[in-house]
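My questions all concern the structure below.
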Amino acid sequence: MKAQIVSRFNISGYQIRSDASIFLAQYIAPMPDAERKRWLTSITGHVQGQGLDLPVVEKRHIELAIKEASNTGLEDNESVFSVINAFDVPKFRYCEEKRKFLPVSGGPKRDLLPGPDMKAEYIRDRYMMLWQKTSRHEMFNASKDGMLGNSVKRLTLRKIETLLATSKMNEVVILGLLTQLTEGKFYLEDPTGVVPIDLSETVFSSGLFCEGCFVLACGKFRDGTLKVEEMGFPVSELASSSRAYFGTMNTWGGRSRTLLKASRNLAELEKTNREDSIVFLSDCWLDNPVVLDKLKLLLQGYNEFPPIAIVLMGPFSKMTEDPYSLKGRFAALGEILAGCEGLKMQTEIVLVPSCDDPTAANILPRPPLPDCLVTDLKKRYPRITLATNPCRLQYCTQQIVVFRMDLVTKLCRNTIHFPKSGQLEDHFARTLISQGTLAPLHPIALPVHWNFDTALSLYPLPDLIVVGDPSQGFQVTEQECTVLNTGSFPKSKFAFKVYIPSSRTVEDSQIPDD
C-alpha cells in the first residue's frame, strides 16, 4: 500500500516523505479497495491544490488534504468538526461609545506573565460585558415590574460613584463585584468605586452567590452603607441577541474569519447527518484495569457505528505517580484503538486534561498534555487531538465548551448563601449562564491567566456547556443553552453522556456489568 501511495504521488510530480506515506497508509487501510482508490485520488488532488513551494509532500500536507477531502461541498474555511485551543480564542472588548464589541488586536502578543495592570483589566472586561447587556434589558428601559414584582417604576442602574456623592438614596440598583475587602465584611465594587453592604435582611434570588461573582443589588443607601433588600444575578440573554453586538465577526475561534454559526452549508449538513453524535466521559483512569476494560468495551461498541468524536477527560491516572508513567498507559489505550478500524475512519479522539494531570500549574486555561506522553498512542491512532482545558468544539454550526473541573463542588463550598429550595443543578446552570464565565469565583479559589480569561467566556452563550465534575451527572437547559455534567465515569458505574447535534438532545448511556 505504501508503494502504491509513493507511485501515485510520483506520477503527480511529487516525492512523499516516509512518515507521510505511512500516515496515509494507516488512514486508508481499513477502507474497501474501491473506496481506498477514490480517497487516494482525492487526497492527491487536494495536495496539488495546496500549491507547495517544493515538490515534497510532508505529513502536515497529508493531514490538511484529508481534512479538506472530508469536507466535500464546503467552503475552504468550513469544517464539520474542529477543536479550538483556549489560547487561540479571539479577544473582544466592549466600546461604550460605539455600543459594540471590537476585537483586541494590533498590540503585543498575549503573554502568560503579563504586567499587574492586566489583573484589573480582565475583571473590568467581565464587568463591561455584564453592564452592557444588563443596562439595555427591558427592566431598565421600560416600565416593568421590579426584581421581585413589588415595583412598577422603571429601575435605574447606577454606578457606585453616584452613591459616594451622597449620604442617602432610595431604590438603588447596583451591578458590582461581590468581595470581602476586610475579614467578614462584604462590599460591592465596580470601576468607579467600592461600597460596604449590609446583607442581614437580604432576599436572594436563585443561584450560587460567591465572592468573586457579579451581582445586582437593590436596596437603600444610608450613611455610607448599602442595605441590600434584594440580590440577584445579572440578566441573561439568548445568544442570538448577544451576537447582534458582534456583527459577523468570528467570536468563537478557528480558521474562519466569519462566524460559522451562519453557514448554510454546515446547517444543511447538520440536519442531514441525524446519526452523528459526540461522546463525553470524565475521570478516564488509564492506570485502573477495570476502567481500562470498560473503556475498551465502549470503544469497541462504537466501532460499528462511529461517532464524530469521543471526548476523554482526565485525570488519566488515579494514583499520583511519575508523570512519565502515563506514556505506557496511553500506549495501552493505543493498542485498544488500533483494533477499532471503524473509529479510525470517522472518529476524532479528544484528550482534555484535568488539573491533576502532568505537567502544568493549576491555573486556567491549562495547556494540553505533553506530546511526548502520547507518541505511541498517535502512532496507533493518528486521529488524536490534545486539547486545552477548557477547550471549544465546533460541530457544523454548533458551539460546545468542554471544561474538566470540580466546579459544582467549588461553587457550593464558596457560596455565601446556599439556596433553600430548587435543584442544585438549576442553581449551578443559572450561575454560569448569568455570569457569562466558567470561573465566577475569586481568583484565589479559581486562578486564571489574566491575559486569557476570554477562553473562559460564555458570552455569547454556546449551544452546549460540558462540565466534567465528579458529582452526579445532570443536564439543564436555560436560554437555549444546555449545561451538561458528565459525572465521573468510574464513580457512576461507568455512565457517560452522548450528545446528538441534529436534535440537540443528550442521551444517558452506561457500560453494562459483565
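The values are calculated or read from the model by the stated rules, or taken from the named source; none is laboratory data. In this text the structure is predicted, and so the values were computed from the model without any measurement. FYI the Cβ positions are ideal-geometry reconstructions off the backbone, even for glycines, and counts take in every protein chain you see. The area values use the complete protein model at the heavy-atom level, side chains included, leaving out ligands, DNA and RNA. Shrake-Rupley method; radii C 1.70, N 1.55, O 1.52, S 1.80 Å.
Suppose we keep only residues that are among the aliphatic types (A, V, I, L, M) and at pLDDT 95 or above within segment 412-440. Which one would you say is most open to solvent (accessible area, probe 1.4 Å)?
Only one residue tops the list, namely LEU424.
Looking at segment 190-205, which of its residues are out of contact with any Phe, Trp or Tyr (no Cβ under 9 Å at 6 or more places or on another chain) and open to solvent by 40 Å² or more (accessible area, probe 1.4 Å)?
THR192, SER200, GLU201, VAL203, PHE204
Residues of segment 259-284 being without any contact (Cβ under 8 Å) to a residue 24 or more places away in the chain and either under 18 Å from VAL311 (Cβ atoms) or surrounded by 12 or more Cβ atoms within 10 Å (Cβ to Cβ) (or both), which ones?
Matches in segment 259-284: LEU259, GLU268.
Now, a different point. Against the conditions (1) at pLDDT 90 or above; (2) of a type in the set (Lys, Arg); (3) touching a Phe, Trp or Tyr at 6+ places or on another chain (Cβ under 8 Å), where does LYS91 fall short? Just the number, please.
Result: LYS91 passes all but (3).
Per-residue answers, yes or no, for (1) surrounded by 15 or more Cβ atoms within 10 Å (Cβ to Cβ); (2) of a type in the set (D, E, K, R); (3) free of Cβ contacts under 8 Å to residues at least 12 places away in the same chain; (4) out of contact with any strand residue (DSSP E or B) (no Cβ under 6 Å at 6 or more places or on another chain):
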{"residue": "ASP53", "(1), (2), (3), (4)": "no, yes, yes, yes"}
{"residue": "PHE87", "(1), (2), (3), (4)": "yes, no, no, yes"}
{"residue": "TYR94", "(1), (2), (3), (4)": "yes, no, no, no"}
{"residue": "LYS98", "(1), (2), (3), (4)": "no, yes, yes, yes"}
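Further question on the same structure: Return only the number of the condition from (1) within 20 Å of the chain's Cα centre (by Cα); (2) crowded, with 16+ Cβ neighbours inside 10 Å that TYR381 does not satisfy.
(1)
Next up: Could you list, ordered by first residue, the pairs with Cβ atoms under 7 Å in which the first is in segment 421-449 and on the phi > 0 side of the Ramachandran plot and the second is of a type in the set (A, V, I, L, M, F, W, C), at least 6 apart or interchain?
Within 7 Å, the pairs are GLY436/MET129; GLY436/LEU130; GLY436/LEU458.
Something else: Quick check: is even one residue across segment 303-318 farther than 30 Å from SER503 by Cα, outside any loop (DSSP other than H, G, I, E, B) and in contact with a Phe, Trp or Tyr (Cβ under 9 Å, 6 or more places away or on another chain)?
no
Residues of segment 306-356 being of a type in the set (Lys, Arg) and more than 14 Å from LEU292 (Cα to Cα), which ones?
LYS327, LYS344
Follow-up. Collect the residues in segment 476-503 that are in contact (Cβ under 8 Å) with a residue 60 or more places away in the chain, out of contact with any helix residue (DSSP H, G or I) (no Cβ under 8 Å at 6 or more places or on another chain) and either aromatic (Phe, Trp, Tyr) or outside any strand (DSSP E or B) (or both), keeping them in residue-number order.
THR486, GLY487, SER488, LYS491, TYR499, SER503
Follow-up question, since we're still on this one. Suppose the filter is farther than 26 Å from LEU102 by Cβ, among the hydrophobic types (A, V, I, L, M, F, W, C), within 21 Å of the chain's Cα centre (by Cα) and open to solvent by less than 40 Å² (accessible area, probe 1.4 Å); does LEU208 pass it?
Considered against the rule, which asks whether it is farther than 26 Å from LEU102 by Cβ, among the hydrophobic types (A, V, I, L, M, F, W, C), within 21 Å of the chain's Cα centre (by Cα) and open to solvent by less than 40 Å² (accessible area, probe 1.4 Å), LEU208 comes out as yes.
Check off (1) open to solvent by 30 Å² or more (accessible area, probe 1.4 Å); (2) at pLDDT below 90; (3) over 23 Å from the mean Cα position of the chain (by Cα) for SER105 and give me the number that stays unchecked.
(3)
Let me ask something additional. Name the residues in segment 384-411 that are open to solvent by less than 20 Å² (accessible area, probe 1.4 Å) and β-branched (Val, Ile, Thr), would you?
ILE384, THR388, THR397, ILE400, VAL401, VAL402, VAL408, listed by residue number.
Moving to a separate point now. Select from segment 1-55 the residues that are under 20 Å from ARG380 (Cα atoms) and of a type in the set (Val, Ile, Thr) and list them in ascending order.
Selection gives ILE5, ILE22, ILE28.
What's the total number of residues in segment 450-475 that are in contact (Cβ under 8 Å) with a residue 60 or more places away in the chain and within 30 Å of ASP111 (Cβ to Cβ)?
Number of matching residues: 16.
Another one. Quick one: is ALA332 within 24 Å of ASN451 (Cβ to Cβ), of a type in the set (A, V, I, L, M, F, W, C), open to solvent by 20 Å² or more (accessible area, probe 1.4 Å) and free of Cβ contacts under 8 Å to residues at least 60 places away in the same chain?
So ALA332 fails the test.
Please list, ordered by first then second residue, the pairs with beta carbon atoms under 8 Å, 6 or more apart or interchain, first in segment 160-180 and open to solvent by 30 Å² or more (accessible area, probe 1.4 Å), second of a type in the set (Lys, Arg).
Short answer, once both residue conditions are applied: SER167/ARG222; LYS168/ARG222; MET169/LYS220; ASN170/LYS220; GLU171/LYS153; GLU171/LYS220.
Related question: Can you tell me which residue within segment 220-272, out of those that are out of contact with any Leu (no Cβ under 9 Å at 6 or more places or on another chain) and β-branched (Val, Ile, Thr), is modelled with the highest pLDDT?
THR225
Being open to solvent by 10 Å² or more (accessible area, probe 1.4 Å), more than 27 Å from VAL448 (Cα to Cα) and hydroxyl-bearing (Ser, Thr, Tyr) is the filter here; which residues of segment 345-378 pass it?
Answer for segment 345-378, where residues must be open to solvent by 10 Å² or more (accessible area, probe 1.4 Å), more than 27 Å from VAL448 (Cα to Cα) and hydroxyl-bearing (Ser, Thr, Tyr): just THR375.
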